[in-house]
Amino acid sequence: MTRLTNNDVSPISSHLKEYDQKLCTMTDHTLLGIACHAYGVDEKKIKQAMKFFDIQVVPITAGQGIITDFSETVCVILKFLGFNAAVTPEPDVNGLCLAYENKADAVMMADDFRFIAINLHTRKVTDNSDATGLVFASALDLLANGLKDKKTTVLGCGPVGESAARNLLSSGAKVSLFDPDQTAACSLEKKLAAEFKNPKILIEKDIHAALSGNPFVLEATPSNLSIPDELISGLKGMAAPGVPLGISQNAARVLKDRFIHDKLELGVAAMAVSLLL
Ligand code: PYL
């Protein structure tokens, strides 16, 4: 998992409203709407439930330590969605104790390996990688006006790509997998084939084959240039949870409103909604 930097995180809060409007234009759904679509829940019910749901974000100093503005930005996203949220005044164990003592309904926290949310009543745990793969697959489904029987290529067969591929298969998409490490693609294909009773999942041998046939693309790699510019024009649309972004700024301009990428917003929205399920 690529570790975010303050440069990744600090612009998010001031651009949330603009990003929400851009998502609306592209998918006819807001940030919250996409997260609700991902879990198949009624947005009105979620809006009602979140009014009485308090989430405490606990900064964690373990490992490489605090990312400046990370917890604060998670908190701003939660409040933008309509949750009651705050960053605990203390990090780590102290912060967790304060959350419990202040009767929080849920906590969210991240070390260098996992970013999780826990509902303190139901004990439900949501992992950011699972939620991010799910919600970006949901966003792509909306961008495509439904992915049933449409070629959809997942680039990157790590935890986010796995979660996305699983949810794309559930949407009825014709899923292809590509990873520079072919063994990663093969083992994911085996895992999903067992879960979905042998669906037709293609393993692509190279990026050119993976992006042939005008596919929709779910880009979930940690590479900063997983798709060469010359292959961009053939894509019908893309959702890119990969950090850093896997295409050039020029390619992003070519894709324009057929392209969804963020580094935290959709994943946090999905984690928060999952706490209310
Ligand atoms: C959750 C993000 C999404 C992509 N990479 C993940 C990452 O950067 N993880 C590290 C998060 C560390 C947070 C730090 C803090 O400020 O509490 N422990």
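The values are calculated or read from the model by the stated rules, or taken from the named source; none is laboratory data. Being a predicted model, the structure only gives us computed values, none of them experimental. Virtual Cβ from ideal backbone geometry, glycine too; neighbours counted across all protein chains shown.
Observations on the model:
- Residues satisfying the stated conditions in the range 153-187, i.e. aliphatic (A, V, I, L, M), in a helix (DSSP H, G or I) and crowded, with 23+ Cβ neighbours inside 10 Å: V160, A164, A165, L168, A185
- Those residues of the range 188-212 which are in contact with a helix residue (DSSP H, G or I) (Cβ under 7 Å, 6 or more places away or on another chain) and outside any helix (DSSP H, G or I), in sequence order: F196, P199, I201, I203, E204, L211
- Candidate set from the range 23-47 (those that are farther than 22 Å from L275 by Cα and in contact (Cβ under 8 Å) with a residue 24 or more places away in the chain); member that is nearest to the ligand (Cβ to nearest atom): L23
- Considering only residues in the range 73-109 that are within 15 Å of the ligand (Cβ to nearest atom), outside any helix (DSSP H, G or I) and of a type outside the set (A, V, I, L, M), the one that is surrounded by the fewest Cβ atoms within 10 Å (Cβ to Cβ) turns out to be P89.
- Among the residues of the range 223-237, the ones that are touching a residue at least 60 places away in the same chain (Cβ under 8 Å) and not small (G, A, S) come to 2 in all.
- The range 219-242, residues that are buried (at least 16 other Cβ atoms within 10 Å of the Cβ) and farther than 13 Å from G156 by Cβ: L231, I232, L235, K236, G237
- Some residue of the range 23-44 being more than 30 Å from S171 (Cα to Cα) and among the aliphatic types (A, V, I, L, M): no
- Qualifying residue in the range 203-218 (condition: buried (at least 18 other Cβ atoms within 10 Å of the Cβ) and under 22 Å from M1 (Cα atoms)): yes
- Of the candidates D20, D112, the single residue that is within 12 Å of the ligand (Cβ to nearest atom) and either modelled with pLDDT of 95 or more or surrounded by 17 or more Cβ atoms within 10 Å (Cβ to Cβ) (or both) is D112.
- Output for the range 48-72, where each listed residue is without any contact (Cβ under 8 Å) to a residue 40 or more places away in the chain and either buried (at least 19 other Cβ atoms within 10 Å of the Cβ) or assigned to a helix (DSSP H, G or I) (or both): Q48, S71
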